[in-house]
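Below is one structure, written out as C-alpha coordinates; comments come after it.
The values are calculated or read from the model by the stated rules, or taken from the named source; none is laboratory data. Keep in mind that what you see is a predicted model, and the values were worked out from it rather than measured. Using ideal geometry, Cβ is built from the backbone for each residue, glycine included, and neighbour counts are taken over all protein chains shown.
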Amino acid sequence: MAEEYSGCEQCGLCCKVFGDKITPTVDNIYSWIENGQHGILRFFHACLADGSWVRCDRLRPDDLSRVVLAEIRDPDTGGYLPVCPFLRRVGKHRYLCSVHDAKPDMCRNYEPWIWGETFFPRCRVLEKGGRACHPGSDRAHKW
(Lines give C-alpha, C1' and ligand atoms only; values in the text may rest on other atoms or scores of the structure.)
Protein backbone atom coordinates (compact mmCIF):
# COMPACT_ATOMS: atom_id res chain seq x y z
CA MET A 1 0.00 0.00 0.00
CA ALA A 2 1.23 3.50 -0.81
CA GLU A 3 2.37 5.79 1.93
CA GLU A 4 0.07 8.73 2.45
CA TYR A 5 1.55 11.99 1.26
CA SER A 6 -0.11 14.79 3.18
CA GLY A 7 1.64 17.80 1.74
CA CYS A 8 -1.16 18.79 -0.64
CA GLU A 9 -1.25 22.55 -1.15
CA GLN A 10 -4.84 22.43 -2.43
CA CYS A 11 -3.87 24.25 -5.61
CA GLY A 12 -6.66 22.49 -7.52
CA LEU A 13 -4.48 21.73 -10.52
CA CYS A 14 -5.16 17.98 -10.56
CA CYS A 15 -8.90 18.65 -10.23
CA LYS A 16 -8.75 21.16 -13.07
CA VAL A 17 -6.86 18.74 -15.31
CA PHE A 18 -8.71 15.51 -14.46
CA GLY A 19 -12.02 16.80 -13.07
CA ASP A 20 -13.86 16.45 -16.36
CA LYS A 21 -13.12 12.71 -16.39
CA ILE A 22 -14.66 11.67 -13.08
CA THR A 23 -16.37 8.28 -13.22
CA PRO A 24 -18.10 7.35 -9.96
CA THR A 25 -18.67 3.76 -8.92
CA VAL A 26 -22.12 2.25 -8.58
CA ASP A 27 -21.47 2.25 -4.82
CA ASN A 28 -20.89 6.03 -4.98
CA ILE A 29 -24.17 6.52 -6.83
CA TYR A 30 -26.03 4.26 -4.40
CA SER A 31 -24.66 6.22 -1.44
CA TRP A 32 -25.67 9.53 -3.01
CA ILE A 33 -29.19 8.22 -3.70
CA GLU A 34 -29.57 6.85 -0.18
CA ASN A 35 -28.32 10.11 1.34
CA GLY A 36 -30.47 12.34 -0.86
CA GLN A 37 -27.47 14.06 -2.45
CA HIS A 38 -29.30 15.21 -5.57
CA GLY A 39 -26.91 18.15 -5.98
CA ILE A 40 -24.13 15.65 -6.68
CA LEU A 41 -26.23 13.12 -8.61
CA ARG A 42 -27.45 15.67 -11.13
CA PHE A 43 -23.87 16.13 -12.42
CA PHE A 44 -23.52 12.49 -13.42
CA HIS A 45 -25.05 10.54 -16.27
CA ALA A 46 -25.20 6.75 -16.30
CA CYS A 47 -25.09 4.49 -19.31
CA LEU A 48 -27.44 1.56 -18.75
CA ALA A 49 -27.05 -1.98 -20.10
CA ASP A 50 -29.47 -1.20 -22.95
CA GLY A 51 -27.25 1.68 -24.13
CA SER A 52 -29.51 4.46 -22.90
CA TRP A 53 -28.19 7.35 -20.82
CA VAL A 54 -29.96 8.74 -17.79
CA ARG A 55 -29.09 11.50 -15.37
CA CYS A 56 -28.17 9.87 -12.06
CA ASP A 57 -30.60 11.94 -10.00
CA ARG A 58 -33.34 10.12 -11.91
CA LEU A 59 -32.09 6.65 -10.96
CA ARG A 60 -33.61 4.50 -8.25
CA PRO A 61 -31.57 1.99 -6.22
CA ASP A 62 -33.09 -0.91 -8.19
CA ASP A 63 -31.79 0.68 -11.45
CA LEU A 64 -28.17 0.39 -10.34
CA SER A 65 -27.73 -3.22 -11.43
CA ARG A 66 -28.13 -1.98 -15.02
CA VAL A 67 -25.48 0.77 -14.79
CA VAL A 68 -22.52 0.02 -17.04
CA LEU A 69 -20.71 3.35 -16.73
CA ALA A 70 -21.25 6.75 -15.16
CA GLU A 71 -19.58 9.99 -16.22
CA ILE A 72 -19.55 13.56 -15.04
CA ARG A 73 -21.66 15.72 -17.36
CA ASP A 74 -23.42 19.05 -17.60
CA PRO A 75 -26.79 18.48 -15.90
CA ASP A 76 -28.67 20.64 -18.40
CA THR A 77 -27.13 19.65 -21.73
CA GLY A 78 -25.56 16.26 -21.01
CA GLY A 79 -22.36 17.60 -22.59
CA TYR A 80 -18.90 17.26 -21.15
CA LEU A 81 -17.73 19.79 -18.57
CA PRO A 82 -14.39 21.63 -18.84
CA VAL A 83 -13.55 21.13 -15.12
CA CYS A 84 -15.03 19.53 -12.04
CA PRO A 85 -18.14 21.48 -10.96
CA PHE A 86 -17.39 20.73 -7.31
CA LEU A 87 -14.05 22.55 -7.25
CA ARG A 88 -14.34 25.81 -5.30
CA ARG A 89 -11.83 28.61 -5.12
CA VAL A 90 -11.30 29.65 -1.49
CA GLY A 91 -8.19 31.78 -1.84
CA LYS A 92 -5.87 33.29 -4.43
CA HIS A 93 -4.16 29.93 -5.05
CA ARG A 94 -6.27 27.55 -2.96
CA TYR A 95 -9.17 25.33 -3.99
CA LEU A 96 -11.33 22.88 -2.07
CA CYS A 97 -13.76 20.14 -3.02
CA SER A 98 -17.28 21.26 -2.18
CA VAL A 99 -18.38 17.62 -1.85
CA HIS A 100 -15.30 16.40 0.02
CA ASP A 101 -17.15 14.13 2.45
CA ALA A 102 -19.08 12.45 -0.39
CA LYS A 103 -16.62 12.69 -3.27
CA PRO A 104 -16.30 9.76 -5.70
CA ASP A 105 -13.89 6.95 -4.89
CA MET A 106 -11.60 7.87 -7.78
CA CYS A 107 -11.07 11.33 -6.24
CA ARG A 108 -10.81 10.02 -2.69
CA ASN A 109 -8.19 7.45 -3.72
CA TYR A 110 -6.18 9.72 -6.03
CA GLU A 111 -2.46 9.64 -5.28
CA PRO A 112 -0.36 11.78 -7.66
CA TRP A 113 2.90 10.12 -6.54
CA ILE A 114 2.10 6.59 -7.81
CA TRP A 115 4.10 6.13 -11.00
CA GLY A 116 2.26 4.39 -13.82
CA GLU A 117 -1.11 4.60 -12.11
CA THR A 118 -2.09 8.10 -11.04
CA PHE A 119 1.27 9.86 -11.25
CA PHE A 120 0.83 13.57 -11.94
CA PRO A 121 4.19 15.23 -12.60
CA ARG A 122 2.60 18.70 -12.62
CA CYS A 123 1.72 18.40 -8.92
CA ARG A 124 3.36 21.41 -7.29
CA VAL A 125 4.13 19.57 -4.06
CA LEU A 126 5.88 16.76 -5.90
CA GLU A 127 7.91 19.28 -7.89
CA LYS A 128 8.94 21.19 -4.78
CA GLY A 129 9.90 18.03 -2.93
CA GLY A 130 11.92 16.63 -5.82
CA ARG A 131 9.42 13.82 -6.13
CA ALA A 132 8.31 14.61 -9.68
CA CYS A 133 10.50 11.93 -11.19
CA HIS A 134 10.11 9.08 -13.57
CA PRO A 135 11.46 5.52 -13.57
CA GLY A 136 15.09 5.42 -14.50
CA SER A 137 15.89 8.84 -13.11
CA ASP A 138 18.26 8.97 -10.20
CA ARG A 139 15.54 10.77 -8.20
CA ALA A 140 12.83 8.15 -8.74
CA HIS A 141 11.04 7.00 -5.61
CA LYS A 142 8.97 3.91 -5.10
CA TRP A 143 6.01 4.70 -2.86
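Going residue by residue through region 58-75, is there one that turns out to be closer than 30 Å to residue 123 by Cα and surrounded by fewer than 16 Cβ atoms within 10 Å (Cβ to Cβ)?
Of all residues in region 58-75, those closer than 30 Å to residue 123 by Cα come to 69-75.
From what's left, surrounded by fewer than 16 Cβ atoms within 10 Å (Cβ to Cβ): 69, 74.
Yes, that holds for at least one residue.
Could you pull out the residue among 138, 50, 62 that is assigned to a loop (DSSP other than H, G, I, E, B), charged (D, E, K, R), at pLDDT below 95 and more than 19 Å from residue 15 (Cβ to Cβ)? Walk me through how you get there before you give the answer.
Details: 50 fails: at pLDDT below 95; 62 fails: assigned to a loop (DSSP other than H, G, I, E, B).
None of the others qualify; the one that does is 138.
Which condition breaks for residue 95 when tested against (1) in contact with a Leu (Cβ under 8 Å, 6 or more places away or on another chain); (2) of a type in the set (Phe, Trp, Tyr); (3) at pLDDT 95 or above?
(3)
Can you tell me which residue is surrounded by the most Cβ atoms within 10 Å (Cβ to Cβ) among those in region 76-91 that are in contact (Cβ under 8 Å) with a residue 40 or more places away in the chain and not in a strand (DSSP E or B)?
Residue satisfying both the conditions and the ranking: 84.
Which of (1) surrounded by 15 or more Cβ atoms within 10 Å (Cβ to Cβ); (2) under 16 Å from residue 109 (Cβ atoms) is the odd one out, the single condition residue 41 does not satisfy?
It is condition (2) that residue 41 fails.
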